Amino acid sequence: RRVLIEGAAWAHVGIVFSQTSDQPDWLVERIEMSHRFAMRPDKIAADYMKKMEINWFVVDKTKQMPTSWSPYATIAFENSEVIILKTNF
């Protein structure tokens, strides 16, 4: 499985990057764009996901998220904990 980023928790384990300032630019960019796509999908975030060849996107339902990611993605699966999006690129 190829993953853009394993969510913000991966970057903040305290072992790899103890400070936010220690995070490499590529990691910060991936986290920021992942959050942007999840919370307020727009052309900029969608173009980034397309460039990174993201086909599936997992959304944690414990966070406040939009109800639609149209026209950039459609909901392929949903339960009480997660939403799995299929990107429309």
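Across the range 43-67, the qualifying residues are those that are part of a loop (DSSP other than H, G, I, E, B) and in contact with a strand residue (DSSP E or B) (Cβ under 8 Å, 6 or more places away or on another chain), and the one among them that is farthest from Glu29 (Cα to Cα) is Lys61. Find all pairs meeting these conditions: Cβ atoms under 9 angstrom apart; at least six residues apart or on different chains; first residue within the range 55-80 and closer than 14 Å to His35 by Cα; second residue open to solvent by 100 Å² or more (accessible area, probe 1.4 Å) and assigned to a loop (DSSP other than H, G, I, E, B). Between residues of the range 55-80 that are closer than 14 Å to His35 by Cα and residues that are open to solvent by 100 Å² or more (accessible area, probe 1.4 Å) and assigned to a loop (DSSP other than H, G, I, E, B), the close pairs are Asp60/Glu81; Lys61/Ser80; Lys61/Glu81; Thr62/Glu81; Pro66/Arg40. The residue that is farthest from Thr87 (Cα to Cα), counting only those in the range 30-42 that are out of contact with any Lys or Arg (no Cβ under 8 Å at 6 or more places or on another chain) and part of a loop (DSSP other than H, G, I, E, B), is Arg40.
Can you confirm whether Ala8 is at negative phi, of a type in the set (Gly, Ala, Ser), outside any loop (DSSP other than H, G, I, E, B) and at pLDDT below 90? Talk me through it step by step, then tell me what you get.
Values: at negative phi: yes; of a type in the set (Gly, Ala, Ser): yes; outside any loop (DSSP other than H, G, I, E, B): yes; at pLDDT below 90: yes.
Criteria met by Ala8.
The values are calculated or read from the model by the stated rules, or taken from the named source; none is laboratory data. All figures in this text were calculated on a predicted structure; none of them were measured in a lab. Here Cβ is always computed from backbone atoms with ideal geometry, including for glycine, and neighbour counts include all displayed protein chains. Protein only, heavy atoms only, side chains kept; ligands, DNA and RNA dropped before computing areas. Shrake-Rupley method; radii C 1.70, N 1.55, O 1.52, S 1.80 Å.
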